[in-house]
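Here the structure is laid out as structure tokens; the discussion comes afterwards.
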Amino acid sequence: MHRHGYKGRKFGRETDQRRALLRGLMCSLIKYQSITVTLARAKELRRSAEKLITIAKKGGLANRRLLISRLDNLEVADLLVDVIAPQIKRDSGYLRIERSSFRKGDHAEMATISFVDTINLDLKKEAK
């Protein structure tokens with residue numbers, strides 16, 4: 001059996017668990033600007049998160065509601081649309097994956113995923 005046409009990694013989880021994992025990773029990435037996860041999770045996270053950032057850059061009420069439904073977190077969606085998206089000046093390639101070390105327990109390769117552009121979160125406090 002060949003693997004042609006199958007997209008995405010399964011991570012050994014059911015569909016709803018996999019979606020919840022990626023949703024949580026995306027929220028953490030947006031909130032903290034940089035997270036350290038396994039390399040496979042970082043690569044899969046980049047696929048999903050860059051699509052959300054593109055939606056946030058377009059703006060508008062419909063796109064904001066789409067982000068809220070995808071992230072399932074109102075505060076993170078507002079942070080992405082109001083603070084982060086206006087500061088990103090590029091059209092694509094918003095995230096960077098840097099390989100770091102190996103995890104001690106199972107020797108899984110770890111990576112740090114972060115924004116390419118510098119994000120200033122102090123704008124959030126000034127807006128309030």
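The values are calculated or read from the model by the stated rules, or taken from the named source; none is laboratory data. Worth saying up front: this structure is predicted, and the values here are computed from it rather than measured. As a convention, Cβ positions derive from the backbone with ideal geometry for all residues, glycine included, and neighbour counts pool all protein chains shown. In case anyone asks, the SASA skips ligands and DNA or RNA and just uses the protein heavy atoms, side chains included. Shrake-Rupley method; radii C 1.70, N 1.55, O 1.52, S 1.80 Å.
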Screening Ser28, Ser48, Ser69 for residues that are within 20 Å of Asp122 (Cα to Cα), modelled with pLDDT of 95 or more and among the polar types (S, T, N, Q) leaves only Ser28
Only one of Glu50, Glu44, Glu14, Glu75 that is among the charged types (D, E, K, R) and surrounded by 18 or more Cβ atoms within 10 Å (Cβ to Cβ): Glu44
So is Tyr6 within 17 Å of Ile88 (Cα to Cα) and not charged (D, E, K, R) or not? no
If I filter region 86-93 for residues that are buried (at least 16 other Cβ atoms within 10 Å of the Cβ), in contact (Cβ under 8 Å) with a residue 40 or more places away in the chain and not aliphatic (A, V, I, L, M), do I get at least one hit? no
Cross-chain or 6+ apart pairs with Cβ under 7 Å, region 30-50 first and within 15 Å of Lys7 (Cα to Cα), then open to solvent by 50 Å² or more (accessible area, probe 1.4 Å): Ala40/Arg9; Glu44/Arg9
Among the residues of region 17-29, which ones are touching a residue at least 40 places away in the same chain (Cβ under 8 Å) and open to solvent by 70 Å² or more (accessible area, probe 1.4 Å)? Arg23
Boolean, Thr36 is surrounded by fewer than 16 Cβ atoms within 10 Å (Cβ to Cβ), touching a helix residue (DSSP H, G or I) at 6+ places or on another chain (Cβ under 9 Å) and of a type in the set (Ser, Thr, Tyr): yes
If we keep just the residues of region 116-128 that are part of a loop (DSSP other than H, G, I, E, B) and closer than 18 Å to Lys57 by Cα, which is most open to solvent (accessible area, probe 1.4 Å)? Thr118
Could you identify the single residue in Ala40, Ala49 that is under 15 Å from the mean Cα position of the chain (by Cα), under 20 Å from Ile119 (Cβ atoms) and among the aliphatic types (A, V, I, L, M)? Ala49
